[in-house]
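K.L.:
Have a look at this one before I ask anything.
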Amino acid sequence: MMVDPNYAKALILGAMLYAGPALAEAESNEDPGSVIVVTGERERTVASAGTKSSLPLAETPQSISVIDARDIAGLGLQNLNQSLRFVAGVTPEQRGSSAEVYDQFKLRGFDAMQYLDGLRIYDSPSGYASTQIDVSRLDRVEIVKGPASALYGQSGPGGLVALSSKLPLASDSYGAASGTYGTYDLYRVDADVGGRLSPSIAWRVYGSANGAHTQQRFGKRERQTISGAVTVGQGGSTTLTLLANYSHDPYNGTYSVFPASGTFIANPNGKLSTKFDGGEPDNRFRREQGAITYIFNHDFGSGWAFRASGRYQSVKSRLGIAYTSGSLDSSDPTSATFSRASYSTRERMKAWTYDNQLMGKVETGPITHNLLFGVDRQVLHSTEDYAFGSFSSLDGYNPVYGSQVVPQTPQDVPDAFGGYLAYHVRQQGIYVQDQMSWGGLRVMLSGRQDWARVEPVGSDAEHSKKFTWRAGALYRTALGIAPYVTYSTSFQPQSGLVLNNDGSQGQAKPSLGKQIEAGVKYQPVGTQILLTAAYFDIRQTNLLTSVPNTNYSIQTGKVRSRGVEVEASAPLGHGFQAKLAFSRQKVRDSDGAGILGVGRGGVSANLEWAPEQGPLEGFAVGGAVRHVDHVYAGTYFDGITYNTPGYTLFDALVRYDLGKTIPRLEGVTLAVNATNIFDKKYLTTCYLDYGWCWYGNRRTVQGTIGYRW
């Protein structure tokens, strides 16, 4: 049973802001009482994902946004999807409150792949066996905008999201724990401890047990995750880090849809409640995932180093659901009864990824070259046993459940159509990069050759090869102003059966993309202030769009995405910290139509005040505003194209470090966080071609008590 928003309950349970991972500040220049978080020592104005090397954002000729563990903790974010609310160019939370099992978003109008510790996070090429990284595991998130295939191979034209795991720190002992409770019975228990076994061996163990009922009537999510890491040789020229993780999701929320009639399209019976559930109490979506990673580093000296990393990843998922198919049960537009369907699947996915890099520095006259040579390989095997079928109808305004049993295996699906799918996917590539520096001038040249194969078992394999490249230049003046321009291309092998115009079937062709980006960055020397602005123009071919209720897709001709983005992060003095993100984009296919789920842009702003001295030291208060412009929703049965309306939401937080006033409570922090504080009802996206819509998250309040030692 869901619990209504209850501020008093959250306060009684004693918490304040954040419901994310508990950590401890380790050797940071920031006030250790500001947020209960263990994080590394990298500055927020430095990133590595865009170049596979550490480079200041102000000197990188490409748009990159950074979110670290402090941001996740400070805003009380529950998943990556929520974290991307504050990044320019992102259309966030594609399926609102109804699909938290996945992090579904668009980056500059396109789906974006995720990488963890530099290695591709694979998803099932045909089904639902997809990984989700719990935020308790994350030390840092870097959003690389625009094609990144010149270094990564597998990348869409909109960019990629690079995640960094928490790894052992250079500290003898550290740790933290926290507990959270909030709206919809949200709970989190997080812990993070680490230290040294010897001067050269460091370890770290962290985990989380979290869950909640969801906004919809029968939804429930639950997760237990644990990670462990050990680094041998820390502080020396040669280090080896081993990292293992296991996550168990016995319940994965409500993976469902709302019918367009009664949400976006007017129904004479009124609006459907945001609590409406078109499924059944027996709906179930379960997932297990695990991974083992190694990271080897060796410093040869004289500016040369070698890095090798690899991961084995495994995901299992089991799904059995009933859901509204998006249409009324009759041709009568005044009907309150909606058609439903059922679906069940059993899936398994295994993947191996490797990346080996040689880095070095040479000088040719006045020019310094930072060189990178790499070779990587990616292998995936997946299987899927699936079935779609029928299910009984449901009155959306007076629902009566239990008329039919939800199928829990593909064999139980009534009136089933489906089958068995298996894929073998391989890709290997070699790449090289030269970062040239001459005074304030930075020139970057990157190139890569890829060979890929997508082989559906029982069908012919699709072989492809492609050379992708990137060229960029930036000039940083003595004032800290740095104009730049870059051109880059992308190459994305695709898995799946394509339904051609003549009705025949075939394998998906690779998606190709290219982008030109121009912008300016400004970081006053010696400050953490960073302002960026960019214009981009992206062209893509062979866009793959899934056809609902089938395992087929269609490939459109071309897509063009153009837009502008502005981001700013600045300490304003007197304890104030401000952030701003603005984007405006136009994404159209070759026929001039929009792309489903892609927004026009938006703006977000965060302001926090945390006095650094005086009687209010240790206290923090802040708020955020998030506006998402209209999102393309497609064509309804009346033949008219629509956009879902834009929406504006407000968030707030308050936090207090008890140790500032009660010394014996040093390390104890309380926080309260609230999102959508005015409880606005809104739609995040609609796919009107299929009669589907998704409500966004209503008001949530959560509280946390954390202890750092």
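The values are calculated or read from the model by the stated rules, or taken from the named source; none is laboratory data. Quick caveat: nothing in here was measured; it's all calculated off a predicted structure. Note: ideal-geometry Cβ built from the backbone for every residue, glycine included; neighbour counts use all protein chains shown.
K.L.:
Determine whether the stretch 682-697 contains at least one residue that is of a type in the set (D, E, K, R) and farther than 18 Å from I595 by Cβ.
P.N.:
Scanning the stretch 682-697, I find no residue that is of a type in the set (D, E, K, R) and farther than 18 Å from I595 by Cβ, so the answer is no.
K.L.:
Which residues, counting only those in the stretch 88-136, are assigned to a loop (DSSP other than H, G, I, E, B), of a type in the set (A, V, I, L, M) and closer than 20 Å to L544 by Cα?
P.N.:
As a first pass, look at the stretch 88-136 and keep what is assigned to a loop (DSSP other than H, G, I, E, B): 88-89, 92-95, 99-105, 108-109, 111-112, 117-118, 121-122, 124-129, 131-134.
Now narrow it down to the ones that are of a type in the set (A, V, I, L, M): 88, 99, 101, 112, 121, 129, 133.
Listed by number, the residues that qualify are A112, I121, A129.
K.L.:
Could you tell me which residue of the stretch 635-656 is nearest to the chain's Cα centre (by Cα), considering only residues that are over 30 Å from L670 (Cβ atoms) and in contact (Cβ under 8 Å) with a residue 60 or more places away in the chain?
P.N.:
If we take residues in the stretch 635-656 being over 30 Å from L670 (Cβ atoms) and in contact (Cβ under 8 Å) with a residue 60 or more places away in the chain, then T644 is nearest to the chain's Cα centre (by Cα).
K.L.:
For K681, only one of the following conditions fails: (1) basic (K, R); (2) under 21 Å from S98 (Cα atoms); (3) part of a helix (DSSP H, G or I). What is its number?
P.N.:
The failed condition is (3).
K.L.:
If you go through the stretch 305-358, how many residues are charged (D, E, K, R) and more than 26 Å from the chain's Cα centre (by Cα)?
P.N.:
3
K.L.:
Right, here's the next one. Answer yes if at least one residue in the stretch 193-203 is within 18 Å of Q224 (Cα to Cα) and crowded, with 22+ Cβ neighbours inside 10 Å, and no otherwise.
P.N.:
No - not one qualifying residue is present in the stretch 193-203.
K.L.:
Moving on. Inside the stretch 137-168, can you point out the residues that are surrounded by fewer than 24 Cβ atoms within 10 Å (Cβ to Cβ) and assigned to a strand (DSSP E or B)?
P.N.:
Within the stretch 137-168, L138, D139, R140, E142, Q154, L163, S164, S165 meet the criteria.
K.L.:
Which one is farthest from G634 (Cα to Cα) among residues in the stretch 653-695 that are modelled with pLDDT under 95 and among the small types (G, A, S)?
P.N.:
This residue is G659.
K.L.:
Which residue, of T644, T684, T669, is crowded, with 19+ Cβ neighbours inside 10 Å and under 25 Å from A578 (Cα atoms)?
P.N.:
The match here is T669.
Here's the yes/no breakdown for (1) of a type in the set (K, R); (2) at pLDDT 95 or above; (3) more than 30 Å from A148 (Cα to Cα); (4) under 29 Å from the mean Cα position of the chain (by Cα):
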residue	(1), (2), (3), (4)
P407	no, yes, yes, no
G418	no, no, yes, no
Y423	no, no, no, yes
Q427	no, no, no, yes
I430	no, yes, no, yes
M436	no, yes, no, no
R442	yes, yes, no, no
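K.L.:
Checking H574 against (1) surrounded by 16 or more Cβ atoms within 10 Å (Cβ to Cβ); (2) of a type outside the set (A, V, I, L, M); (3) on the phi > 0 side of the Ramachandran plot: exactly one of these is not met. Which one?
P.N.:
(1)
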